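Reading through the structure tokens given below for one structure.
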Amino acid sequence: MTQLVTDLMERLGGPGAGLAVALENLFPPIPSEVILPLAGFAAGQGRMSLFAAIAWTTLGSVAGAVALYYAGRLLGRDRVRAIASRLPLVKLADVDRTEAWFARHGRKAVLFGRMIPIFRSLISIPAGVDRMPLPVFVLYTTIGSLVWNTLFVLAGYVLGENWTVVEGYAGAFQNVVIAVCVLAAGYFVISRMIKSRAARPGRHARGSR
């Protein structure tokens, strides 16, 4: 993966780094934690300017996010509700609460979501489903991506040949995010199963005897 990104940067320079980041949004197995510090290292080696590394990677982030935004718009609210209605333990009321939350906090979710592993790509889809105005989506995506990309590109630029150190710290952060997601999902499933069992008519009937 690192060799693929390196080849893109050697052949295309800054645009190659931007293309790699755009693909990372669409195909998460290509990690930005590798692409961005590597772009910073390449800038330190004089293969591109530091400004170009940050600008092109941010442009790539926005391009990939916009593609997923339109995927969300094509999916649409009705399809999301139809899918949710078929999922075990999920109620349409859950979808309604999620929609209401996103309507209130969607801009902050897009802004800060761009700085959180896993959610960096996924946050674009609900923004599209909710039909957030495209200029607003692009603005907050650009700001969030610029902050995230600048930190990682600068880290690679400063660390030089030791740029791979960044990946280790970023990987630890990602593991924490995954653990939190797993715990939250487990809590949702267990609590919903308990409520479902408590609501069964047979249990009430036996308890009333």
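The values are calculated or read from the model by the stated rules, or taken from the named source; none is laboratory data. The model shown is predicted, which means the values in this text are computed figures rather than measured ones. Methodologically, a virtual Cβ is constructed for each residue, glycine included, from the backbone with ideal geometry; neighbour enumeration extends over all protein chains shown.
The figures follow:
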item: Residue selected from segment 1-59 under the condition closer than 15 Å to VAL153 by Cβ and among the acidic types (Asp, Glu), by the criterion modelled with the lowest pLDDT; result: GLU33
item: In segment 133-149, the residues that are part of a helix (DSSP H, G or I) and of a type outside the set (Val, Ile, Thr); result: LEU134, PRO135, PHE137, LEU139, TYR140, GLY144, SER145, LEU146, TRP148, ASN149
item: Which numbered condition LEU92 misses (of (1) in contact with a Ser or Thr (Cβ under 8 Å, 6 or more places away or on another chain); (2) modelled with pLDDT under 70; (3) surrounded by 13 or more Cβ atoms within 10 Å (Cβ to Cβ)); result: (3)
item: TRP101 vs. criteria at pLDDT below 85, of a type in the set (A, V, I, L, M, F, W, C) and closer than 27 Å to VAL136 by Cα; result: yes
